[in-house]
Amino acid sequence: MMLKEIADRLSCRLEGDGSIEIRRVAGLEDAAEGDLTFLSNPKYQPCLRSTRASAVILSESAPPTEIPSLRVADPYLTFARAVDLFYSPPEQERGIHRTAVIGRTARVGRNARIGPFCFVDEEVEIGDNAVLHSHVSIYRGVRVGCDFVAHSHVSVREYCVIGDRVCLQNGVVIGSDGFGFARQADGSYRKITQSGRVILEDDVEVQASTTIDRAAIGKTHIRRGAKIDNLVQVGHGSSVGENSLLCAQVGLAGSTKVGRNVILTGQVGVAGHCTIGDNVVATAQTGIPSDVEPGMMVSGYPAMDNKRWLKCSVLFSKLPEINKSIQKLQQKLDVLTSRKHTD
């Protein structure tokens, strides 16, 4: 595809030779001749001098470059769209594989693609254009919207509700039992029946090996546009707001409320019954034991304002030197006190 055609299709401003043939999209360091790369973080500006790419996607404000470029307001988003010009995932054959088991009362919409060894239980409703890869299990009473994609070994438990254009990556479990047990007089634990359900609204994506638990009563609710990364645990009765991001290994204990446009980065942990306000960002490995006000950036454990945490981190690295200084001051004070008593 010629660079000029790419510019037109992505609504970019072309600088340089538009007749260059582009074969694929690649990163700055891996790109070769015939590749289109991108630069969204100014930190990597020096890499433009050594990249072998034939063209680059840049912001309108980026410095001039000798490489032909596509100028645009958001290079990262444009890169994401460019990938779609060169890559199409393999399509599964339409129809229901002969090894799949579909309940007699299940209703599956038009243009379904249901792969080998899938199980769709009774009273299930699935909308049009569903794609179920091999070994997907949909339990009784589940309702799913249109354009649903479930990759291999996904399980959606009984009575859960899934909206339109939802994608569940490999090994996702929706609606597994929440961790609910009541201690009995003899010290043993009685399991609390998890009678609630999970609701995933439209345009949610849940990535590999993530678990979203059902509640004892009520619902666990993931709202429109939320994106949940690999190996995330969403506890029973929690809610995640619109367009929020939960990155890898985030853990939400039960009844956590996460607002809109929140970003919880890798390995953030949130204690149960906490409320995280809209537009909060929690940096990696933050531990959140209490509510966080809207708009804050928090870090550390217990979570605190990011700028304060950065200052504390600098001091923490200097604690041995600070301790030595305090010991020397204490020794001097002891000497002065001893002299005073002697006099």
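Nothing in this text is a laboratory measurement; each read-out follows from the coordinates by a stated rule. Note that the coordinates shown come from a computational prediction; the quantities given were computed from them, not determined experimentally. Every residue, glycine as well, gets a Cβ built from its backbone with ideal geometry; the counts of neighbours run over all protein chains shown.
Annotations for the structure displayed:
- Applying the criteria of a DSSP loop state and at most 15 other Cβ atoms within 10 Å to the GluC sites (Glu not before Pro) of region 1-78 yields E29, E33, E60, E66.
- Hypothetical label at R23: residues of region 54-71 whose amide nitrogen lies under 17 Å (7 Å Cα-Cβ projection): 54-56
- Dipole of the chain, positive end: most advanced residue of L36, A226, L336 [Cβ charges, Cα centre]: L336
- Loop-located trypsin sites (Lys or Arg not before Pro) in region 93-131 (DSSP state not H, G, I, E or B) with no more than 13 neighbouring Cβ atoms inside 10 Å: R94, R98, R104, R110.
- Among G175, A7, G272 - extreme Cα towards positive end, dipole of the chain, charges at beta-carbon: G272
- Environment charge of G225, counting only residues whose C-beta is closer than 15 Å and scoring Lys/Arg +1, Asp/Glu -1: -4
- Label-to-label distance for D291 and D30 is 4.5 nm, based on points extended 7 Å past Cα in the beta-carbon direction.
- Interatomic Cα distance distribution for region 1-157, bins of 10 angstrom, percent: 11, 32, 13, 17, 20, 7, 0
- Scaled against 2.2 N^0.38 Å for its residue count N, the alpha carbon radius of gyration of region 107-160 is 0.96.
- Size descriptors for region 130-201, from the alpha-carbon set: Rg then Dmax equal 15.0, 50 Å.
- Within the chain: Cβ-based charge dipole about Cα centre, in debye rounded to nearest 20 (Lys, Arg +1; Asp, Glu -1): 1180
- Distance from region 34-112 to region 246-287 (C-alpha centre basis), Å: 28
- Rounded to 5, percent antiparallel among DSSP beta bridges of the chain: 10
- In this calculation the C-beta distance from T193 to L310 is compared with R0 = 56 Å, giving a FRET efficiency of 0.75.
- Centre separation in Å (Cα based) which lies between region 309-343 and region 207-225: 52
- In this rough spin-label picture, where each label sits 7 Å from Cα along the Cβ direction, the Q267-S152 distance is 3.0 nm.
- Taking the Cα centre of region 154-302 as reference, the dipole from Cβ charges on Lys and Arg (+1) and Asp and Glu (-1) amounts to some 340 debye.
- Bridge type composition, region 196-343 - antiparallel percent by DSSP, nearest 5: 5
- Relative pair counts by distance (%), Cα atoms of the chain, 10 Å bins: 5, 19, 20, 22, 17, 8, 4, 2, 1, 0, 0
- Translational D in µm²/s for region 154-302 (Stokes-Einstein at 37 °C, 0.692 mPa s, Kirkwood Rh from C-alpha pairs): 217
- The residues neighbouring S69, those whose beta-carbon lies less than 10 Å from its own, together hold a net charge of 0 under the Lys/Arg +1, Asp/Glu -1 convention.
- Cα convex hull volume per residue for region 3-86 (Å³): 77
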